[in-house]
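Note sheet for the following structure.
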């Protein structure tokens, strides 16, 4: 009996493929070796270079005392106001820097600067992995997003970041994972670059060493 529809023809081919499986035509393909060439710089330097290329502002601090000074200087230089921060360790830094902030989410849409942590910092891409644990909305609402990270959160590639986040949460991942590469931008309208189209127009990354015993 002649097949009457394209759907039946497709289903017949699928059934045939399931019954008569063919051998892998490329059995020697190496799926384990790295896709990219090794980075020519150390991960922190490579991240700083790539992050700067996409419009991010990179700040390296040896310890939390330097991070406090950096936050104070940025607050003065950029004339920040309406700062939001919900994470206690960063609230402590802001308090030490004498920088006023809010932590009431009801006023989030009126705030201009959001300060958060992150999951991991991806050296090769100059990107930052954040999750719902760091706040869903601070990556979108404020005009300026400041991310504070430690060097032990620095990984080489995106693959490493996904493996690390799986290990960190023992497979029970946060409800949101997102990778940020530079400030929000678009050139969809008449090929004119517009900053802050779908999120912050400024992105800062403060990378610091783990606090020393005297800082703790």
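The values are calculated or read from the model by the stated rules, or taken from the named source; none is laboratory data. Everything numeric here is computed off the predicted structure, so don't read it as measured data. Here Cβ is always computed from backbone atoms with ideal geometry, including for glycine, and neighbour counts include all displayed protein chains.
Do we find that residue 61 is under 25 Å from residue 43 (Cα atoms) and surrounded by fewer than 19 Cβ atoms within 10 Å (Cβ to Cβ) in this structure? Yes, satisfied. Would you check if there is a residue in the stretch 15-34 being in contact (Cβ under 8 Å) with a residue 12 or more places away in the chain and at negative phi? Among the residues of the stretch 15-34, at least one is in contact (Cβ under 8 Å) with a residue 12 or more places away in the chain and at negative phi, which makes the answer yes.
As an exercise: evaluate residue 135 against (1) over 17 Å from residue 59 (Cα atoms); (2) in contact with a helix residue (DSSP H, G or I) (Cβ under 8 Å, 6 or more places away or on another chain); (3) touching a residue at least 40 places away in the same chain (Cβ under 8 Å) and give the number of the one condition it does not meet. Only one criterion in (1) over 17 Å from residue 59 (Cα atoms); (2) in contact with a helix residue (DSSP H, G or I) (Cβ under 8 Å, 6 or more places away or on another chain); (3) touching a residue at least 40 places away in the same chain (Cβ under 8 Å) is unmet by residue 135, namely (2). Evaluated against (1) assigned to a loop (DSSP other than H, G, I, E, B); (2) in contact (Cβ under 8 Å) with a residue 24 or more places away in the chain, residue 146 falls short on exactly one condition, (1).
Of the residues making up the stretch 74-92, those that are farther than 18 Å from residue 121 by Cβ and in contact with a strand residue (DSSP E or B) (Cβ under 9 Å, 6 or more places away or on another chain) are 74, 75, 78, 80, 81, 82, 83, 84, 85, 86, 91. For first residues located in the stretch 71-85 and closer than 21 Å to residue 149 by Cα, partners that are modelled with pLDDT under 90 and part of a helix (DSSP H, G or I) and lie 6+ apart or on another chain with Cβ distances below 7 Å form the pairs 84/108.
Taken over the stretch 151-177, the criterion of being crowded, with 18+ Cβ neighbours inside 10 Å, in contact with a strand residue (DSSP E or B) (Cβ under 6 Å, 6 or more places away or on another chain) and not in a helix (DSSP H, G or I) is satisfied by 154, 155. Filtering the stretch 124-143 to residues that are assigned to a strand (DSSP E or B) and either at pLDDT below 90 or within 21 Å of residue 53 (Cα to Cα) (or both) leaves 127, 128, 129, 130.
Contact map, the stretch 35-58: residues that are more than 17 Å from residue 129 (Cβ to Cβ) paired with residues that are in a loop (DSSP other than H, G, I, E, B), Cβ distance under 6 Å, separation 6+ or inter-chain. Pairs shown: 55/182; 55/183.
Can you tell me which residues in the stretch 110-123 are farther than 23 Å from residue 44 by Cβ and part of a loop (DSSP other than H, G, I, E, B)?
111, 112
Is at least one residue of the stretch 38-47 surrounded by fewer than 20 Cβ atoms within 10 Å (Cβ to Cβ), over 18 Å from the mean Cα position of the chain (by Cα) and at pLDDT 90 or above? For the stretch 38-47, residues surrounded by fewer than 20 Cβ atoms within 10 Å (Cβ to Cβ), over 18 Å from the mean Cα position of the chain (by Cα) and at pLDDT 90 or above: present. For the stretch 181-197, the criterion of being at pLDDT 90 or above, surrounded by 11 or more Cβ atoms within 10 Å (Cβ to Cβ) and closer than 14 Å to residue 121 by Cβ is met by at least one residue.
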